[in-house]
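One structure is given below, encoded as structure tokens.
The values are calculated or read from the model by the stated rules, or taken from the named source; none is laboratory data. Predicted, not measured: the structure shown is a model, and the values here were computed from it. Cβ: placed from backbone, ideal geometry, glycine included. Neighbour counts: every protein chain shown. The accessibility values were calculated without ligands, DNA or RNA, using every heavy atom of the protein model including side chains. Shrake-Rupley method; radii C 1.70, N 1.55, O 1.52, S 1.80 Å.
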Amino acid sequence: MSEPNPANSISARTDEVFIQKIEELSKGSISIMLYPDGSLGDNPTVMELVMQPKASIHIARISPATLVKYDCKLHELLDIPFTFQNHEHFWRFNESQVAERILQEPYNLNIGVRGLYFSEEGFRHFFSTKKLNSIEDFAGESIRTAGNSMMKRIVTAFKGIPVEVSFTDLYSALQTNLVTIAEQPISNYLANNFNKVAPYMILDGHELGIAEVVINSNLWDSLSEEQKNIFIEAGKYAATYCSKVVLESENQAKLALRSDGTEFTEIDDISKWQEQCADVISESSRENIEVYGEIIRFAD
């Protein structure tokens with residue numbers, strides 16, 4: 001199983017809970033070895049390997065946006081900026097039939113993987129090598145994207161210059177000023193030591209850092225119904241664990257970052273940021289507006 005973030009990140013800890021539950025429920029007959037810290041490659045590289053019929057990597061924790069390039073159009077809805085109002089909104093969605101439909105989308109499209117469960121890493125915020133005070137400060141800046149068309153659209157809407165950089169190369173890209181701005185959830189920002197080279201963060205919360213665990217389709221098809229149920233139950237257990245610790249983890253990370261010199265900028269009124277993304281939101285949701293409407297309704 002591949003995990004792009006370090007072992008102390010919220011995602012890797014959730015992975016461990018998932019694996020432990022599978023081994024417990026299967027009485028040790030199913031064993032999973034976790035490789036954190038991007039040691040098996042970044043999300044796009046790992047996804048190509050997991051999708052192979054004879055996969056060398058069987059399970060991966062990815063961003064849902066990774067699947068958009070494979071025509072998973074419902075997955076793109078989860079990547080639209082300012083979709084989730086708060087953590088509670090996401091967890092209500094996560095328990096819905098809509099979430100299950102999105103998880104099964106890549107399997108139904110026969111692209112080689114099946115989604116098992118969603119979790120989250122906290123809201124994503126922009127951080128920089130120099131202080132960011134407002135949305136106007138993004139104009140003309142080189143901003144990291146990851147081959148993700150949605151993030152390129154967001155960066156363009158903010159009048160920045162999108163620069164594609166893999167996650168494994170992001171630290172050095174900030175260090176050398178190839179990019180001056182990037183974005184991550186607070187816990188991942190700390191876990192990857194990005195604060196050492198980019199010590200300014202503006203708390204815009206443009207997206208929720210949704211995580212998805214996928215399994216190779218051939219492996220999934222080879223499992224018995226009992227084994228499939230073990231994976232599904234373990235996924236629900238891991239998601240519940242994540243929902244209970246993600247806020248605490250984020251608050252602890254923020255305290256650690258402040259004590260280490262990170263400077264946070266609060267945003268009193270997010271409406272201007274949302275307005276800048278209005279066209280992005282409209283264009284990205286148009287094709288599946290009914291499903292997007294269902295996701296939005298879980299805010300209430």
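Protection proxy ranking of 62-70, 21-29, by the mean of other Cβ atoms within 10 Å over each peptide's residues and highest first, is 62-70, 21-29. Structural size metrics of segment 9-123, computed from C-alpha coordinates, are Rg and Dmax of 14.7, 42 Å.
So with the 1.4 Å probe, I'd like the accessible area per residue for the chain, rounded to whole Å². On a per-residue basis, 44 Å². Note: relative contact order over the chain, using C-alpha pairs below 8 Å and six or more positions apart, is 27 percent. Local charge for residue 292 was computed over the other residues whose Cβ lies under 12 Å away, with Lys and Arg +1 and Asp and Glu -1, and equals -3. In a reduced charge model with +1 at each Lys and Arg Cβ and -1 at each Asp and Glu Cβ, the chain shows a dipole moment near 440 debye about its Cα centre. Seen from residue 258, the other residues with C-beta closer than 14 Å to its C-beta sum to a net charge of -3, counting Lys and Arg as +1 and Asp and Glu as -1.
FRET efficiency for the pair residue 203 and residue 101, taken as 1/(1 + (r/R0)^6) with r the Cβ-Cβ distance and R0 = 35 Å, rounds to 0.65. Taking R0 as 30 Å, what FRET efficiency do you get between residue 169 and residue 131 from their Cβ-Cβ distance, rounded to the nearest 0.05? E between residue 169 and residue 131, to the nearest 0.05, is 0.80. Once you divide the Cα radius of gyration of the chain by 2.2 N^0.38 Å, the number left is 0.96. Label reach from residue 278 (point 7 Å along Cα→C-beta): in segment 148-180, amide nitrogens under 17 Å belong to 154, 157-159.
For the Cα trace of segment 185-279, dividing Rg by the Kirkwood Rh returns an Rg/Rh value of 1.13.
Rounded to two decimals, what is the ratio between the C-alpha radius of gyration of segment 35-93 and 2.2 N^0.38 Å?
That works out to 1.34 for segment 35-93.
Using a probe radius of 1.4 angstrom, the carbon and sulfur fraction of the accessible surface of the chain is 47%. Per q in 0.22, 0.23, 0.26, 0.28 Å⁻¹, report the Debye log10 I(q)/I(0) for segment 1-55, using one uniform scatterer on each alpha carbon and no solvent. The calculated log intensity ratios at q = 0.22, 0.23, 0.26, 0.28 Å⁻¹ are -0.88, -0.92, -1.00, -1.04.
Here segment 70-145 is treated with +1 on each Lys and Arg Cβ and -1 on each Asp and Glu Cβ, and its dipole about the Cα centre works out to around 120 debye. Inter-label distance, residue 255 to residue 48: 4.3 nm, where each label sits 7 Å from its Cα along the C-beta direction.
Residues within the reach of a label modelled at residue 71 (point 7 angstrom out along Cα to beta-carbon, backbone nitrogen below 14 Å), restricted to segment 109-140, are 109-112.
Between residue 271 and residue 291, the FRET efficiency from the beta-carbon distance, with R0 = 22 Å, is close to 0.30.
Using the Cβ of residue 230 as centre and a radius below 14 Å, the other residues enclosed give a net charge of -1, where K and R count +1 and D and E count -1.
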